[in-house]
Ligand code: HEC
């Protein structure tokens, strides 16, 4: 703006006057740029102050402490809040360091329902809905997991299933970040249901329902109850 005004005031045909006006114009420009630069530096300067401050980045060494580490151990006797995991069975599937065939809380129908829901979300992509290990991702080329119905996994303690979900197993990654510990146990319980569904005997059926079952299978055998059985 200042420059165009200077130009209109030029005396036509007098080179010296034009030269003076030109140098005045560039002076205005220099001053403007310098001011803008100063403002920018001031603003950026504030930001850099926050960036450059005395602090240690994670795992950064230091010679301030004798052991060379900037991260300090909690003071002996510190009590963890919100992450205190004293219940060995609940959080590791073990008792005295040994994987056990136990659940840390009694499993109810509601727990099994929740276990089925979580299993269907997180495990079926590879293990499929019945646990035979032929899920969609496996059909697309992911390594095939063993079926839950093989003898070794039928004999495996409940804690083993918890541990596999918690720590991962071979090609399978950990689910600890996605499934909270109590839900891992519920999934383990539901896997037991899947296993039983393939290996149940008549003794596993409540007395009252046995009669119904025998009738049904007799009907099925003679072809009478076709369409009724589900
Ligand atoms: C992305 C695919 C995938 C998903 C999802 C998955 N798994 Fe697996 N799982 C595998 C594979 C692959 C193996 C075999 C790993 C190996 O032997 O290297 C396996 C193995 C296992 C085993 C057998 C361990 C053994 O002793 O052989 C169990 C139990 C198991 N998974 C449970 C689960 C549960 C429970 C979930 C859901 C929370 C789950 N998996 C989700 C791929 C998956």
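None of the figures in this text is laboratory data; all of them are computed from the coordinates on show. Everything quoted here is computed from the prediction, not taken from an experiment. Don't worry about glycine lacking a Cβ; one is built from the backbone with ideal geometry, like all the others, and counts go over all protein chains shown.
At-a-glance table
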{"read-out": "Number of the condition not met by residue 112 [criteria: (1) farther than 21 Å from residue 153 by Cα; (2) part of a helix (DSSP H, G or I)]", "value": "(1)"}
{"read-out": "Boolean, residue 157 is near the ligand (Cβ under 8 Å from one of its atoms), surrounded by 13 or more Cβ atoms within 10 Å (Cβ to Cβ) and over 18 Å from the mean Cα position of the chain (by Cα)", "value": "no"}
{"read-out": "Complete set of residues in the stretch 123-149 that are farther than 20 Å from residue 192 by Cα, in a helix (DSSP H, G or I) and either near the ligand (Cβ under 6 Å from one of its atoms) or touching a helix residue (DSSP H, G or I) at 6+ places or on another chain (Cβ under 8 Å) (or both)", "value": "136, 137, 138"}
{"read-out": "Residue count, the stretch 173-183 (criterion: near the ligand (Cβ under 10 Å from one of its atoms) and either over 14 Å from the mean Cα position of the chain (by Cα) or at positive phi (or both))", "value": "1"}
{"read-out": "Among residues of the stretch 47-75, those that are part of a loop (DSSP other than H, G, I, E, B) and under 31 Å from the mean Cα position of the chain (by Cα), counted", "value": "12"}
{"read-out": "Lone qualifier among 111, 87 - being within 18 Å of residue 189 (Cβ to Cβ), surrounded by 14 or more Cβ atoms within 10 Å (Cβ to Cβ) and away from the ligand (no atom under 14 Å from the Cβ)", "value": "111"}
